[in-house]
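Report on the following structure.
The values are calculated or read from the model by the stated rules, or taken from the named source; none is laboratory data. Note that this is a predicted model, so its numbers are computed, not measured. When we count neighbours, we look across all protein chains shown, and the Cβ atoms used for this are built from the backbone with ideal geometry, even at glycine. With ligands, DNA and RNA removed, areas are computed over all heavy atoms of the protein, side chains included. Shrake-Rupley method; radii C 1.70, N 1.55, O 1.52, S 1.80 Å.
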Amino acid sequence: MGVCEALEPGDVVFGYYRCHALYLAKGGDLRALVAELFGKATGCTKGKGGSMHLIDARRGVMGASAIVGTTIANAVGYAYAQKYCRRPNIVACFFGDGATEEGVFAESLNFAVLKKLPILFVCENNFYAIHTHQNKRQGLPDIRARAQAFGMRAERLDGNDIFELCRCSADAVRSIRAGQGPRFLEVTTYRWREHVGPGCDYHLGYRSEAEAQPWQDADPLRRLARLIDDQHRREMENEVEQEIADAFAFAEQSEFPSATELYTDVFKEEAHAAAGA
Amino acid sequence: MPQPVLDSASRSATSSHRILSYVDAVREATDLEMACDPAVIVFGLDVDDPKAIQGTVRGLLEKYGPERVFGTPLSEDAMTGTAVGMALAGLRPIHVHIRMDFLMLAMNQLVNVAAKCRYMYGGQVHVPLVVRAMIGKSWGQGAQHSQGLHSFFMHVPGLKVVAPSTPYDAKGCLSAAVRDDDPVIYVEHRLLHFQSGPVPPERYQVWPGKARITAKGNDLTIVGISYMQIECLRAQRLLARIGIHAEVIDPIWLSPLDIDTIAASVEKTGRLLVVDNGWTNCGAAAEIVAQIGEKLAPLRDLRLKRMGFAPVTCPTTPALEELFYPNARTIAAQARNLVEGAETGWLPEIPEELQTTAFKGPF
Ligand SMILES: Cc1ncc(C[n+]2csc(CCOP(=O)(O)OP(=O)(O)O)c2C)c(N)n1
Ligand SMILES: [Mg+2]
């Protein structure tokens, strides 16, 4: 949210499978998101990609990969094209702490710095990859330091502090837009629920409720809500609840894709091509 | 506890009456190999996490310690190269991946290095590496978590490929793969994990290059690969109800492939349907059909057919996913068409006793 606040509508984001919030923050449509989860034809990928591959190219949401780390390089390539085409827009790329262990992370950062590309790297560090803590996976858990070693300015900040996040993002975006090359934000956060699915997973024993508690107490949404007067907040909440209810109703009423959809979009289709020409 | 679906098939392979799940069979094979050879080590992403790779490595960390059983960073490429290095040094690593799709990040090390070492270095070195890779299905797995890419590896000389479908073979093949002095890609299917069947408690091997006849018949030969073996056996029962007797074969090892067992069957039946848990184009089914054509076409009339994934990316919506995979009904329908030599339009319903209910998801 905080990062997208600093972006222009023409800027582009690349995400990873934990992409629902990013999709909405960059202007994706809630109805199309919920319909996608229902596997309906009105979903943002017509029910074909599912939860992990949300996209809204018109809004600059350029998709999300379920293969950890892969979109980092794609975002770098997009940024190269932006620069090459002399477009004013920049790219923001989101990934987890786990993704920084993949080779493609190092290779992509090096190239982005080498070519001074207009890209903001955002590492959402929730300290876990599935059930394994960062300390059990990284010899140097300081992700910011690793990013700095490639030769770009990198900061580490509290992702639960929405104002700080907005401020740092705006500052980074300004410098990237001014042609000063890539920037890196390591944003700490925490996953409240299990890796996949809506349940709690404390029973697995890899983390404790005590560890999670401070993060939940510092929930940025609640902190923000406390700053708004009661009546105004209630109005906003009602509006949002309404929007959510509407999206679910929309999804339920929508049709599943027809059988012929199985074979569409494998390649550019001749009929479409003719119509478009 | 899931009911054994494949009991008749694997019971013919063993006199054991101990019933084990596929998961426990994999775990037991690993345990036995580790117990008798300190060179065997197990690692991979999440190997040491509380879910213990669906339970397939449960208890091994406690028993053998973190030097022999460990989780890795998210670094498939480097960890595969590391595994090759360990194997060159005489270890017998088992590198585990919870999805086969992730092997795409390890292709360079597998194809350009592991597969090549023995030959390229004139036999001076070898790579006794096992790569366990799981194929996913349903529950939103979709495009990048459900691919059956075993044929990629079958293509490359120097790699062996095995895809056991029963707990009995899961144990025997894993043991054989670990004992093998060359790299083996060991393909599991997440839905097979929920199968159970007879597994003898002792150590034994199901060696490369021997297919298994899992049902006898004279009307046509059906080869089912990996999870599709289950669907083929269900189809065989549907066909039996209308008087068509299919011979069903599980190739088990895809590379090296026991084509002779399949050829002997097709020589008898004249009709071959190969059902793969992957795409047909340049796939395992294509290879089997081609070999049978080359072998038998000069000798007798043949009708050949491949089935596999629809030639598209796997969609997540159940409405389309249902059409993406072959299933017992569509397999039976194709088999009947093949036997009758014409489109019959027949599509059987699945009777209650043939429904699979073991797994209720989600992953
Ligand atoms: C290349 C690859 N390896 C392994 C996986 C399995 N996997 C899925 S999510 C995940 C953890 C990723 O952690 P992180 O990057 O920190 O993101 P988070 O889920 O914490 O947001 C892993 C290992 C994968 N999807 N892709
Ligand atoms: Mg994480």
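If only one of B:Gly148, B:Gly140 is on the phi > 0 side of the Ramachandran plot and either within 14 Å of chain A (Cβ to nearest Cβ) or at pLDDT 95 or above (or both), which one is it?
Unique residue meeting the criteria: B:Gly140.
Quick one: in the range A:142-160, which of the residues that are surrounded by fewer than 21 Cβ atoms within 10 Å (Cβ to Cβ) and part of a strand (DSSP E or B) is farthest from ligand 1 (Cβ to nearest atom)?
So the residue we want is A:Arg153.
I need a count of the residues in the range A:193-218 that are of a type outside the set (A, V, I, L, M, F, W, C) and not in a helix (DSSP H, G or I).
11
Is one or more of the residues making up the range A:85-96 within 10 Å of chain B (Cβ to nearest Cβ) and within 16 Å of ligand 2 (Cβ to nearest atom)?
Yes: the range A:85-96 contains one or more residues that are within 10 Å of chain B (Cβ to nearest Cβ) and within 16 Å of ligand 2 (Cβ to nearest atom).
Given the criteria closer than 30 Å to B:Ser138 by Cα, more than 10 Å from every other protein chain (Cβ to nearest Cβ), more than 11 Å from ligand 1 (Cβ to nearest atom) and part of a loop (DSSP other than H, G, I, E, B), does A:Leu117 qualify?
In short, no.
Specify which of the listed residues (B:Leu60, B:Leu45, B:Leu74) is within 16 Å of ligand 2 (Cβ to nearest atom), within 25 Å of A:Gly205 (Cα to Cα), of a type outside the set (Lys, Arg) and touching a Ser or Thr at 6+ places or on another chain (Cβ under 7 Å). Steps first, answer last, please.
On the way: B:Leu60 fails: within 16 Å of ligand 2 (Cβ to nearest atom); B:Leu74 fails: touching a Ser or Thr at 6+ places or on another chain (Cβ under 7 Å).
Within the list B:Leu60, B:Leu45, B:Leu74, the selection yields B:Leu45.
Would you point out which residue out of A:Glu101, A:Glu124, A:Glu107 is farther than 22 Å from A:Ala212 by Cβ and within 20 Å of the chain's Cα centre (by Cα)?
Every option except A:Glu101 fails the conditions.
Looking only at residues in the range A:119-141 that are away from ligand 2 (no atom under 15 Å from the Cβ) and open to solvent by 20 Å² or more (accessible area, probe 1.4 Å), which one is nearest to A:Pro182 (Cα to Cα)?
A:Leu140
Hey, does the range B:102-112 have a residue that's away from ligand 1 (no atom under 16 Å from the Cβ), under 21 Å from the mean Cα position of the chain (by Cα) and closer than 18 Å to B:Val161 by Cα? Explain how you work it out, then say what you get.
Going residue by residue through the range B:102-112, those that are away from ligand 1 (no atom under 16 Å from the Cβ) are B:111-112.
Still in the running and under 21 Å from the mean Cα position of the chain (by Cα): B:111.
Subset that is closer than 18 Å to B:Val161 by Cα: B:111.
Yes, because at least one residue in the range B:102-112 is away from ligand 1 (no atom under 16 Å from the Cβ), under 21 Å from the mean Cα position of the chain (by Cα) and closer than 18 Å to B:Val161 by Cα.
Search the range B:271-289 for residues being open to solvent by 10 Å² or more (accessible area, probe 1.4 Å) and under 23 Å from B:Ala235 (Cβ atoms), and hand back the single one that is farthest from the other protein chains (Cβ to nearest Cβ).
Selected residue: B:Arg271.
Considering only the range B:239-252, state which residues are surrounded by fewer than 24 Cβ atoms within 10 Å (Cβ to Cβ) and at negative phi. Lay out the reasoning, then the answer.
Filtering the range B:239-252 down to residues surrounded by fewer than 24 Cβ atoms within 10 Å (Cβ to Cβ) leaves B:240-245.
Selection gives B:Ala240, B:Arg241, B:Ile242, B:Ile244, B:His245.
Any residue in the range A:2-27 that is more than 20 Å from A:Arg167 (Cα to Cα) and within 14 Å of chain B (Cβ to nearest Cβ) sitting within a Cβ distance under 7 Å of a residue that is away from ligand 2 (no atom under 16 Å from the Cβ) and in a loop (DSSP other than H, G, I, E, B)? List the pairs, counting only those 6 or more apart or interchain.
A:Cys19/A:Leu54; A:His20/A:Leu54
Could you please find all residues in the range A:77-102 being more than 16 Å from ligand 1 (Cβ to nearest atom), open to solvent by less than 20 Å² (accessible area, probe 1.4 Å) and in a helix (DSSP H, G or I)?
A:Ala79, A:Gln82
Out of (1) surrounded by fewer than 23 Cβ atoms within 10 Å (Cβ to Cβ); (2) more than 21 Å from B:Ala170 (Cβ to Cβ), what's the single condition that is false for B:Ala114?
B:Ala114 satisfies all of (1) surrounded by fewer than 23 Cβ atoms within 10 Å (Cβ to Cβ); (2) more than 21 Å from B:Ala170 (Cβ to Cβ) except (1).
Scanning the range A:3-50 for residues that are in a helix (DSSP H, G or I) and β-branched (Val, Ile, Thr), which turns out surrounded by the fewest Cβ atoms within 10 Å (Cβ to Cβ)?
In the first step, residues of the range A:3-50 are kept if they are in a helix (DSSP H, G or I); the result is A:3-5, A:20-25, A:30-37.
If we keep only those that are β-branched (Val, Ile, Thr) as well, we get A:3, A:34.
Values: A:Val3: 25, A:Val34: 23.
Looking at residues that are in a helix (DSSP H, G or I) and β-branched (Val, Ile, Thr), I get A:Val34.
Are any of the residues in the range A:223-239 in a helix (DSSP H, G or I), within 24 Å of B:Trp139 (Cα to Cα) and open to solvent by 60 Å² or more (accessible area, probe 1.4 Å)?
No, the range A:223-239 contains no residue that is in a helix (DSSP H, G or I), within 24 Å of B:Trp139 (Cα to Cα) and open to solvent by 60 Å² or more (accessible area, probe 1.4 Å).
What number of residues in the range B:172-209 are in contact with a Pro (Cβ under 9 Å, 6 or more places away or on another chain) and over 14 Å from B:Thr30 (Cβ atoms)?
Of the residues in the range B:172-209, 14 are in contact with a Pro (Cβ under 9 Å, 6 or more places away or on another chain) and over 14 Å from B:Thr30 (Cβ atoms).
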